[in-house]
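The values are calculated or read from the model by the stated rules, or taken from the named source; none is laboratory data. All values reported here derive from a predicted model rather than from experimental measurement. Every residue, glycine among them, receives a Cβ derived from its backbone with ideal geometry; neighbour counts consider all protein chains shown. SASA here: full protein model, heavy atoms, side chains in, ligands and nucleic acids out. Shrake-Rupley method; radii C 1.70, N 1.55, O 1.52, S 1.80 Å.
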Amino acid sequence: ERDKLITKGKLLLYKKQKMVRDNVARTARKIGMFVDEDGTQLVVNVANMPRELCSEAGHYMLEHFNAPVAMTYFDGPTQRIWSVRSKNGEARKIAEMFPGGGGHPNAAGFQTALTWNGDWTPRNEKE
């Protein structure tokens, strides 16, 4: 019984990892985000993912793409929900640029209008 459960778990994990890889390959793109007041731009990998795969896809992109930050999103009924993952603490910094955004240094999130696709204007230019 134990061996059957382990085998089944491995198959389910393999299927989920394949779904992440396939969805990232199909939807990933790069955007530039201004993360410092001096205008420094950070290139961020972004992918549109099913809600259930957002966290895993963010980690997958960090591991397999050459960038310190990865973002995933899915559309809710009225807002686009973003998940940010990073290697060096940038995730919370990015999330806090948006009203209500925040989280941990390497895992954070925020929400935007459904129409926002990463066309970023630095916060100080919005005011």
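Observations on the model:
- Shown for the chain: lysine pairs separated by 8 or more places, or found on different chains, whose C-alpha atoms are under 25 Å apart, numbering 14.
- Whole-percent pair-distance distribution, where bins are 10 Å wide, for the alpha carbons of segment 1-66: 19, 37, 24, 13, 5, 2
- Along each principal axis, taking the top coordinate minus the bottom one, the Cα set of the chain gives 61, 32, 26 Å in descending order.
- Accessible surface, segment 37-121, averaged per residue in Å² (probe 1.4 Å): 51
- GluC sites (Glu not before Pro) within segment 6-96: DSSP coil, no more than 13 neighbouring Cβ in 10 Å: GLU37
- Accessible surface of the chain, 1.4 Å probe: 51 percent of it comes from carbon and sulfur atoms.
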